[in-house]
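S.K.: The structure under discussion is supplied below as structure tokens; questions concerning it will follow.
The values are calculated or read from the model by the stated rules, or taken from the named source; none is laboratory data. This one's a predicted model, so the numbers in the text were calculated from it and none came from an experiment. Methodologically, a virtual Cβ is constructed for each residue, glycine included, from the backbone with ideal geometry; neighbour enumeration extends over all protein chains shown. Ligands, DNA and RNA are excluded from the accessible area calculation, which covers all protein heavy atoms including side chains. Shrake-Rupley method; radii C 1.70, N 1.55, O 1.52, S 1.80 Å.
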Amino acid sequence: MAKLAVLILLIAVATASAYSYRGDECESEVEQQMPMMSCMKWAESKMRSGPYRHRGGEEEEHLEQCCSELRRVSSECRCRAVKEMMMEMPQQVEMQRMMCSLPTMCRMSPCNCPRFFD
């Protein structure tokens, strides 16, 4: 029984250590990619025009460039990049939802944004 407890403890420590390393790695990767200017321009134009208005040419161009910026971030760190952009935006629920939906709009894996605000 004691050996099993030690084994479980070792696995838990190794998992936590790997998770912490990946978090540090993502932080470094995201810092290198920030600021994602096209994403910020897209968000600003959405704030001016409203979230439900059809995208215009300039807004569409910003979105395409934003998707390119997001693709430069590894898939494991992409949600971290979205979180960082959300932190730079006004704390409006509609804006946060739009930022959270960016990966989906760019045809990438979605982010689980509610955990960002715990």
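S.K.: Order the following by accessible area, largest value first: SER101, SER45. Probe radius 1.4 Å; ligands, DNA and RNA are ignored.
M.R.: Putting SER101, SER45 in descending order of accessible area: SER101, SER45.
S.K.: Ordered by packing density, taken as the mean number of other Cβ atoms within 10 Å over each peptide's residues, highest first, how do 83-95, 32-44 rank?
M.R.: Packing proxy ranking, top to bottom: 32-44, 83-95.
S.K.: Could you give the nm distance between label points at MET47 and SER68, where each point is 7 Å from its Cα heading toward the beta carbon?
M.R.: It works out to 2.4 nm between the two label points.
S.K.: Could you tell me the accessible area of ARG72 in Å² (1.4 Å probe, neighbours in place), rounded to the nearest ten?
M.R.: 150
S.K.: Which order do you get for GLU27, GLU59 if you rank them by accessible area with a 1.4 Å probe, largest at the top?
M.R.: GLU27, GLU59
S.K.: Compute the length gained on full extension between THR104 and GLU31: take 0.36 nm times their separation in residues and subtract their Cα-Cα distance, giving the result in nm to one decimal. All intermediate terms of the calculation are to be shown ahead of the outcome.
M.R.: Numbers: separation 73, 0.36 × 73 = 26.28 nm, distance 2.19 nm.
That pair, THR104 and GLU31, stretches by 24.1 nm at full extension.
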